Amino acid sequence: MVKALGGTPPPPVSATPPPDLEYAETIDKGHGRIEIRRLALSREIAYAITSLPRGRAGPDDLLALVRQHWSIENRLHYRRDVALREDASRIRSGNAPQARAALRNTVLRLVDAMPGPLTAIRETFAENRLDAIALEKQGSL
């Protein structure tokens, strides 16, 4: 198929890795599981796009960047799902999902200025909704 497109077939796969491969690995234990992440970096093939120079884009650097990205994703997911119960929502039709997302974004923006964990702030505002309205009127949103 490659020849039909005018290209050359890839070289055969070797059982031994090329000598220019660099490796990085992290092992974490938490949430009842062991997570092993491995990254192999070759100077011949790149599977990621980065603006970093080669000296700052070694395997350890790239693995740390990937971990940082997923850390941010996981924190956002925790705030939206666990604290605001987004995944449990059964609202699926019309404009309601977008309206609920806008409300959740408003809540997240409101509590960003508040001290303490999101779940505790949510419970406090649930007990006294006037506090949330007063913060909004002060321009916290």
Problem - Selection of trypsin sites (Lys or Arg not before Pro), the range 51-137, meeting DSSP coil and at most 15 other Cβ within 10 Å - result: ARG85, ARG90, ARG92
Practice task
Work from the charge dipole of the range 19-83 (Cβ charges, +1 for Lys and Arg, -1 for Asp and Glu, about the Cα centre) and give the residue of ALA57, LEU21, HIS31 farthest towards its positive end.
Solution key: HIS31
Problem - Theoretical FRET efficiency, 1/(1+(r/R0)^6), r = Cβ-Cβ of GLU22 and GLN68, R0 22 Å, to 0.05 - result: 0.70
Problem - Ascending count of other beta-carbon atoms within 10 Å, so fewest first, for VAL82, VAL111 - result: VAL82, VAL111
Exercise for the section: Work out the charge dipole of the range 92-141 with +1 on the Cβ of Lys and Arg and -1 on the Cβ of Asp and Glu about the Cα centre, then indicate which of ALA132, LEU103, GLY116 is farthest towards its positive end. Expected result: LEU103
Exercise for the section: Sort all Cα-Cα distances of the range 92-141 into consecutive 10 angstrom bins from zero, then give the percent of pairs in each bin up to the one containing the longest distance. Expected result: 24, 50, 22, 3
Completion exercise
1/(1 + (r/R0)^6) with r = Cβ-Cβ of ASP61 and ILE91, R0 = 35 Å, i.e. FRET efficiency to nearest 0.05, evaluates to 0.25
Handout entry: Fully extended contour minus Cα-Cα distance, from LEU52 to LEU135, at 0.36 nm per residue
Key = 25.7 nm
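Throughout, read-outs are computed from the coordinates displayed, never taken from laboratory work. Quantities reported herein were computed from a predicted structural model and do not represent experimental measurements. Cβ sites come from the backbone with ideal geometry, for glycine too, and all protein chains shown count toward neighbours.
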